[in-house]
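The values are calculated or read from the model by the stated rules, or taken from the named source; none is laboratory data. Source: prediction; values computed, not measured. Note that each Cβ is placed from the backbone with ideal geometry, even for glycine, and that neighbours are counted across all protein chains shown.
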Amino acid sequence: MIDNIENEIKNYFLFNQFSPEYDFIELNMKMNLIIESIKINNNSKNTGQIKCHFLITNGELYYFEKSLEFEYNKNKALVFIPNRFQGLESILNYFAFLYIGYELDTWGYNLGTSYLNKALEISSEAQSNSNWKIREEEIKSILLNSNLREARFLYFSFIDLINSDKYKKNPESYNKEINNTINELYNKIVNISIKIGYDKNTIKFLGHYSENLADLFHRMEMQDALNFLVKYDIENETIYKKYIK
């Protein structure tokens, strides 16, 4: 019954336009379904309730659900309806909009809000169960954490700048702008610590770019930033300590 489900999900993401106005964006995603059980429908051997472990990630942001359940019909194609609130499609739409919104936030300040709100709408209107409640809270935590959203935007703005032709032609002229950007990035992370404390999405961001951030703060002679990260991002303290003078 599930021999083609992997290709169906892959094609669902590849051949549907989740963000037509930003069709130039490419997301590298990995997703795993580990089937735990299949309850075949008494009326059709091609239809049943699937229970599985579910993992999805873009490298930086990852989610793992131990008990994802959905109804699946082998003979029925997955149909993209943006505001669908039930079935496997609603789960795929939720994560598609979440990751698109998260990516767009790196292109412009809060640029991903409309897509994060699409994911929020799905999680709010979908069938009421614990998994959807958790997904709803996750989207809310992303939307409300303005400091992390701006920190990510600042980091990727810096990356875009140093890779640009204008910077390569005259890098010294951008020293002040870069200094302001990196200091503001650090301030945003500190603000998260003050206002929220430990924040899992901030830790995911720091962890994914820990080596780059450590090297960056080291080159900017921002020892306070490195000392702060040693305490805040404990899992990667060894990386930060390598760059402390």
What's the total number of residues in the stretch 1-58 that are part of a loop (DSSP other than H, G, I, E, B), more than 29 Å from HIS208 (Cβ to Cβ) and of a type in the set (D, E, K, R)? 1
For the stretch 67-91, give me the residue count where each residue is within 30 Å of LEU148 (Cα to Cα), touching a strand residue (DSSP E or B) at 6+ places or on another chain (Cβ under 7 Å) and surrounded by fewer than 17 Cβ atoms within 10 Å (Cβ to Cβ). 1
Could you run through the stretch 171-214 and say how many residues are closer than 22 Å to LYS242 by Cα and either under 20 Å from the mean Cα position of the chain (by Cα) or among the β-branched types (Val, Ile, Thr) (or both)? 16
Of the residues in the stretch 149-184 that are surrounded by 12 or more Cβ atoms within 10 Å (Cβ to Cβ) and among the basic types (Lys, Arg), the one that is farthest from LEU206 (Cα to Cα) is ARG149
Single residue of SER123, SER157, SER173 found to be among the polar types (S, T, N, Q) and either farther than 23 Å from ASN212 by Cα or in contact with a His (Cβ under 6 Å, 6 or more places away or on another chain) (or both): SER123
Tell me which of these ASN75 doesn't satisfy, since it passes every other one: (1) at pLDDT below 95; (2) of a type outside the set (Lys, Arg); (3) not in a loop (DSSP other than H, G, I, E, B). (3)
Given the structure, is SER123 touching a residue at least 24 places away in the same chain (Cβ under 8 Å) and touching an Asp or Glu at 6+ places or on another chain (Cβ under 7 Å)? yes
From the list ILE91, ILE2, ILE81, ILE35, which residue is modelled with pLDDT of 90 or more, β-branched (Val, Ile, Thr) and touching a Leu at 6+ places or on another chain (Cβ under 9 Å)? ILE91
Is there any pair with a first residue in the stretch 163-174 that is within 20 Å of MET220 (Cα to Cα) and a second that is of a type in the set (Val, Ile, Thr) and surrounded by 10 or more Cβ atoms within 10 Å (Cβ to Cβ) whose Cβ atoms are under 6 Å apart and which are 6 or more apart or on different chains, and what are they? none
Selected residue (criterion: farthest from LEU27 (Cα to Cα)) from residues of the stretch 96-135 that are crowded, with 21+ Cβ neighbours inside 10 Å and among the aromatic types (Phe, Trp, Tyr): TYR115
Please verify whether the stretch 78-88 includes one or more residues that are assigned to a helix (DSSP H, G or I) and not basic (Lys, Arg). yes
Given (1) free of Cβ contacts under 8 Å to residues at least 12 places away in the same chain; (2) exposed (fewer than 14 other Cβ atoms within 10 Å of the Cβ); (3) within 22 Å of TYR109 (Cβ to Cβ), identify the lone condition not met by LYS195. (1)
Candidate set: the stretch 35-66, residues that are surrounded by 13 or more Cβ atoms within 10 Å (Cβ to Cβ) and touching a residue at least 60 places away in the same chain (Cβ under 8 Å); chosen: the one farthest from the chain's Cα centre (by Cα): GLU65
Got at least one residue in the stretch 112-124 being over 14 Å from the mean Cα position of the chain (by Cα) and assigned to a loop (DSSP other than H, G, I, E, B)? no
Is it true that some residue in the stretch 26-49 is in contact with a helix residue (DSSP H, G or I) (Cβ under 9 Å, 6 or more places away or on another chain), over 23 Å from ASN129 (Cα atoms) and either outside the structural domain of SER90 (by TED's automatic domain parsing) or small (Gly, Ala, Ser) (or both)? no
